[in-house]
Amino acid sequence: MVPRFALIPALALAWLVPLPGTVFAAVQEPAPACASALWLAPLAATPEAGDAVRAAAAADAPAWLTAELTDACSGEVFALADFAGKTAYVEAMATWCPPCRDQLARVKDAAARIPEEERGDVVFVVLSSEVGLPREDLAAYAADNAFPFVFAVMPAEMLRAMADDLGREVAVPPAMPHLIIAPDGTVGELRTGNTAPDDLLVLLEEAARPAAA
């Protein structure tokens, strides 16, 4: 005969270990929200406004600014030109690139220092140059590293256009190519190498200032 007290831990273990094919609702967690919703939700709510901005920018802006992109997390379609009126930090990277991850960690640090009431005015867009990468893989990379930015895979045509316009460094992920687009659409210089959080905040502030008359 099995002692009665021996059944207690056995029953407790049976309760904790689910049978094959069963899942406890108590341990199920909802899918994490997309960090990109901060900037993309307003675009999705008024798609005609985004179309108008994109059409207005098409005449003067480089082709890559109006190229169609798909948010890795939500699947929302957007273009860099849609963020007219905001300061946009744009970084080209690859998921296999350690220097890219290090630079994005610095960007995350800088973003966390922006006052909450101003965070909607500064957009952080990360573009993978791995043109064939499934967006789900890029979304997993962003989630695994807790990077709260807009992530998208660049179409090959966009990557070529950026390289033609900005220089080939934009297609070299370990160079950590990044740039800032001012609210008026002015494209800043392509920078390479790491940028410290303090320096990045200064660059964002300078880009946000209205151009002198």
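Please treat every number below as a calculation from the coordinates, not as lab data. Being a predicted model, the structure only gives us computed values, none of them experimental. Cβ: placed from backbone, ideal geometry, glycine included. Neighbour counts: every protein chain shown.
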Within segment 90-131, trypsin sites (Lys or Arg not before Pro) in DSSP loop having at most 14 other beta-carbon neighbours inside 10 Å: 113
Fewest-first sequence of 165, 184 by Cβ atoms within 10 Å of each Cβ: 184, 165
Within segment 172-213, backbone nitrogen closer than 20 Å to the virtual label 7 Å beyond the Cα of residue 119 toward Cβ: 197-205, 208
Rule-of-thumb Rg ratio for segment 37-208 [Cα; 2.2 N^0.38 Å; N residues]: 0.94
Segment 37-208 - share of DSSP beta bridges that are antiparallel (%, nearest 5): 45 percent
Among 144-155, 185-196, 128-139, the order from most to least packed when residues are scored by Cβ within 10 Å on average: 144-155, 128-139, 185-196
Over segment 37-208, relative contact order from alpha-carbon pairs under 8 Å, at least 6 apart, %: 27 percent
